[in-house]
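Asker: One structure follows; several queries about it will come next.
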DNA sequence: ATTGGCACTTGCGGCGCTAGAGTGCCAGGT
DNA sequence: ACCTGGCACTCTAGCGCCGCAAGTGCCAAT
């Protein structure tokens with residue numbers, strides 16, 4: 001694209017991001033940074049429209065950047081604010097210092113995304129079953145129940161109540177626990193299943209019920225930990241172009257049903273090329289042509305991976321939001337590396 | 001109030017609940033169940049308006065029940081559908097059968113409230129620390145960490161990673177675990193604190209760090225379990241009178257900030273007189289004069305208490321919603337009594 | 001006490017108009 | 001060859017107006 005066209009597209013986009021209104025040749029000329037008359041600008045605008053970067057809502061309105069227009073801006077024209085990163089790091093350091101658990105950390109990360117961008121923050125963590133068992137412990141709870149605790153790789157901790165086999169003393173239970181621990185330690189999921197099955201067949205331990213419970217656990221992903229944190233939805237509705245009941249409904253539906261978001265989020269998990277932007281209709285979310293999604297993959301130790309980012313209006317300051325999402329993702333990755341329970 | 005006035009108020013309310021529109025004397029007369037002419041009805045309506053049960057938006061609109069009008073309806077006129085309860089029980093039995101954890105159960109209850117009423121379901125559980133310890137176990141995780149698991153009364157289970165004291169073998173850790181278990185078993189929170197302090201002072205076990213971690217745990221309420229479940233918000237925006245951006249914002253704010261809701265919810269926790277209804281401005285939520293809240297307290301075994309209910313439009317079918325909330329609360333109470341982990 | 005009739009009030013939808021904004025194109029200047 | 005002022009054209013948003021429909025309050029008659 002000609003340099004002249006780029007300059008004009010850039011100006012149009014940045015004014016549009018500010019105001020959200022169509023921008024006309026007049027204001028563009030008066031704003032002065034181009035040194036061109038309205039008429040000249042009009043010619044270029046017409047060309048840009050022919051190429052699909054601009055769009056007129058109607059004859060007597062100005063031009064609005066299309067999704068492609070914004071895309072071009074984000075890909076080629078945008079300059080990220082350099083000292084943005086420091087500000088972000090600072091804020092993150094301040095607010096995300098020492099969180100007790102992984103869940104708490106992620107929730108706070110989501111809050112932080114929301115408060116930095118003033119849009120909706122989003123943190124997703126891949127639903128993961130225990131992968132490789134580091135430790136298994138059975139703890140007697142009552143005469144009818146026993147608590148199974150599993151510590152898996154990446155310090156994931158999961159627990160579940162199982163039915164206690166009749167006529168098994170605490171003493172015996174402890175022995176079974178030790179035995180199972182030896183049996184299942186360092187096994188991955190498939191191996192755990194196999195060995196449990198084998199154990200059940202021979203049933204030397206006479207605790208078929210218990211083993212069944214364990215097996216069922218390893219079958220189903222642990223659904224008790226919801227895995228999508230969303231913060232600051234309400235801020236979206238402060239943007240006039242999103243404060244439309246139709247859009248509101250769609251947004252709420254997306255947040256509540258989650259499947260649509262998950263599809264998007266999983267796309268990002270595939271390739272790990274930093275921050276990914278979906279502008280307007282680029283994500284396939286229906287009725288949400290006015291929103292953009294900015295996501296990045298993050299990665300904790302062993303088996304913890306996920307995606308985080310923000311959902312905001314199509315006209316967001318990408319040059320601010322992109323580094324925010326990027327930094328937060330890195331930060332979260334770093335924090336997850338530390339000492340954190342699951 | 002005169003029987004005639006009651007009948008008319010009742011008719012107005014039930015038409016209003018259906019349509020959401022002001023109801024005029026004409027339709028009321030034509031509807032036929034009163035056997036009176038529009039003129040007569042008008043007289044009574046004027047009287048009802050003077051008493052504050054009705055309100056005209058303007059001269060040429062019909063009458064709309066005020067909050068007091070609806071209140072009177074709910075308190076004195078309403079007849080709850082008798083076989084409603086069966087339907088509800090049935091649906092609950094079907095969907096809430098065996099949930100693995102307390103959290104899962106409560107979340108499902110919230111979903112169920114939402115799907116039965118088509119409004120937003122709400123379940124709150126009182127944030128509670130462990131009360132009386134039934135069992136404490138220390139599990140070695142790595143060379144630097146140890147997992148503490150506490151089983152408390154009511155089968156509440158909580159776990160936390162603590163720093164592992166240096167130079168303590170798995171063997172020793174197990175002994176410490178047994179010792180601590182003996183020491184702290186059956187103690188309430190205050191007693192736990194006291195004994196831990198005492199133990200730290202003498203420090204016979206040489207594991208000050210570990211004890212400190214435990215103590216800090218018992219100080220702070222366990223914040224990692226968020227305690228308010230909300231489902232089906234989006235359904236609210238299908239009601240035309242709530243699909244107003246102003247109201248949407250307020251609703252979202254209430255759901256996100258939670259303090260306002262908690263204040264309401266705690267009011268209900270105080271007295272346990274079954275279902276409680278807040279109509280329109282009766283709850284002090286700003287900008288939400290168009291919504292009503294129906295809540296009931298529920299109660300699990302030992303120390304688990306909470307409030308659940310729905311948030312819906314002011315014009316909801318109270319005669320349907322009240323039994324739904326009531327039954328769900330009883331049901332949840334019953335289920336919590338069963339075998340469920342925390 | 002009830003009711004039909006009538007005058008009065010009020011919001012709402014449709015219509016036409018104007019002002020303002022912005023464009024496209026052309027002809028003339030550099 | 002490119003830029004620019006000018007002009008005719010188009011479209012929308014806002015305003016005022018009007019008439020319709022709905023509903024009321026009151027009164028006189030039953």
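Rule-based calculations on the coordinates, nothing more; no lab input. Treat the numbers as computed from the prediction; the structure is a model and nothing was measured. Cβ sites come from the backbone with ideal geometry, for glycine too, and all protein chains shown count toward neighbours.
Asker: What is the distance, in nm, between label points placed 7 Å from the Cα along the Cα-to-Cβ direction at residue B:179 and at residue A:58?
Answerer: Calculated label separation equals 8.3 nm.
Asker: Reported to two decimal places, what Rg/Rh ratio describes the protein assembly as shown when computed on Cα atoms with Rh from the Kirkwood expression?
Answerer: 1.04
Asker: Still on this structure, I have one more. What is the extension gain from residue A:26 to residue A:334, computed as 0.36 nm multiplied by their sequence separation minus the C-alpha to C-alpha distance, in nm to one decimal?
Answerer: Contour length minus the Cα-Cα distance gives 106.0 nm.
Asker: Continuing with this model, one more query. If you average 1/r over every pair of different alpha-carbon atoms in region A:161-288 and take one over that average, what Kirkwood value in Å do you get?
Answerer: For region A:161-288, inverting the mean 1/r across all distinct Cα pairs yields 19.3 Å.
Asker: Could you work out the pair-distance distribution P(r) of region A:122-191 from its alpha-carbon pairs, with 5 angstrom bin width and percents rounded to whole numbers?
Answerer: 4, 16, 23, 22, 15, 11, 5, 2, 1, 0
Asker: Over chain B, calculate the relative contact order: mean separation of alpha carbon pairs under 8 Å at least 6 apart, over the residue count, as a percent.
Answerer: 21 percent
Asker: Please give, to one decimal in nm, the separation of the simple spin-label points placed at residue A:245 and residue A:5, each 7 Å out from Cα toward the Cβ.
Answerer: 4.3 nm
Asker: Using the beta-carbon distance between residue A:91 and residue A:216 and R0 = 51 Å, what value does 1/(1 + (r/R0)^6) give for FRET efficiency, to the nearest 0.05? Walk me through the numbers on the way to the answer.
Answerer: On the way: r = 44 Å, r/R0 = 0.86.
That pair, residue A:91 with residue A:216, gives E of 0.70.
Asker: Using only Cα atoms, find the angle between the long axis of helix B:189-202 and the longest principal axis of chain B, and express it within 0 to 90 degrees, rounded to the nearest 10.
Answerer: Compared with the principal axis, the helix lies near 20 degrees.
Asker: Sticking with this one: First measure r as the distance between the Cβ atoms of residue A:270 and residue A:39, then evaluate 1/(1 + (r/R0)^6) with R0 = 51 Å and state the FRET efficiency to the nearest 0.05.
Answerer: Between residue A:270 and residue A:39 the formula returns 0.60.
Asker: Inside 10 Å of the C-beta atoms of A:237-247, what's the mean count of C-beta atoms belonging to other chains? Each step should come with its number before you reach the end.
Answerer: Details: counts 7, 2, 0, 1, 0, 1, 4, 1, 7, 2, 0.
Mean number of neighbouring Cβ atoms from other chains: 2.
Asker: Now for a different question. Could you give the C-alpha radius of gyration of region A:53-176 expressed as a fraction of 2.2 N^0.38 Å, taking N as the number of residues it contains?
Answerer: Normalised Cα radius of gyration, region A:53-176: 1.90.
Asker: Normalised by the residues of region A:209-320, what does the relative contact order come to in percent, with Cα pairs under 8 Å and at least six apart?
Answerer: Relative contact order, region A:209-320: 20 percent.
Asker: Moving on. What 222 nm value per residue comes from the helices of chain A, counting each DSSP H run with n ≥ 4 as -39,500 (n - 2.57) and dividing by all residues, nearest 500 deg cm²/dmol?
Answerer: Calculated at 222 nm, the ellipticity per residue is -14500 deg cm²/dmol.
Asker: Can you give the FRET efficiency for residue B:190 and residue A:68, using 1/(1 + (r/R0)^6), R0 = 56 Å, r = Cβ-Cβ distance, to the nearest 0.05?
Answerer: FRET efficiency, residue B:190 to residue A:68: 0.25.
Asker: If we sort A:29-38, A:161-170, A:46-55 on the protection proxy, mean other Cβ atoms within 10 Å, highest first, what's the order?
Answerer: Numbers: A:29-38: 12.4, A:161-170: 15.1, A:46-55: 17.1.
Top to bottom by mean Cβ count within 10 Å: A:46-55, A:161-170, A:29-38.
Asker: Placing a label point 7 Å from Cα toward Cβ, how far apart in nm is residue A:200 from its equivalents in the other copies, listed shortest first to one decimal?
Answerer: From this label point to the equivalent ones elsewhere in the assembly: 4.6 nm.
Asker: Along Cα-to-Cβ, 7 Å out, sits the label point; list in nm, shortest first, how far the one on residue B:144 is from those in the other copies.
Answerer: 4.4
Asker: Which of the peptides B:250-258, A:262-270, B:305-313 is most tightly packed, and how do the rest follow, judged by the mean count of other Cβ atoms within 10 Å per residue?
Answerer: Ranking, from highest mean packing down: B:305-313, B:250-258, A:262-270.
Asker: A further question on this structure: For chain A, what ratio Rg/Rh do Cα atoms give with a Kirkwood hydrodynamic radius?
Answerer: 1.15
Asker: While we're on this one: Show me the ranking of peptides A:71-81, B:105-115 by mean Cβ neighbours inside 10 Å, starting with the highest.
Answerer: Packing order, densest peptide first, comes out as B:105-115, A:71-81.
Asker: Taking chain A as the reference, fit the longest principal axis to its C-alpha atoms, fit the long axis of helix A:318-337 to the helix C-alpha atoms, and give the angle between the two in degrees, 0 to 90, nearest 10.
Answerer: Roughly 20 degrees, rounded to the nearest 10.
Asker: What does the copy distance list look like for residue B:289, label position 7 Å along Cα→Cβ, in nm and ordered from shortest?
Answerer: With the label placed 7 Å along Cα→Cβ, residue B:289 yields 3.7 nm.
Asker: While we're on this one: Find the relative contact order for region A:3-77 and round it to a whole percent, using C-alpha pairs within less than 8 Å whose residues are 6+ positions apart.
Answerer: Rounded, it is 35 percent for region A:3-77.
Asker: Taking the radius of gyration and the Kirkwood hydrodynamic radius from Cα positions alone, what is the Rg/Rh ratio for region A:3-77, to two decimal places?
Answerer: Reported Rg/Rh, Kirkwood definition of Rh: 0.91.
Asker: Over the Cα atoms of region B:73-125, each weighted equally, I'd like the Debye log10 I(q)/I(0) at q = 0.22, 0.30 Å⁻¹, rounded to two decimals.
Answerer: The computed values of log10 I(q)/I(0) come out as -0.89, -1.13.
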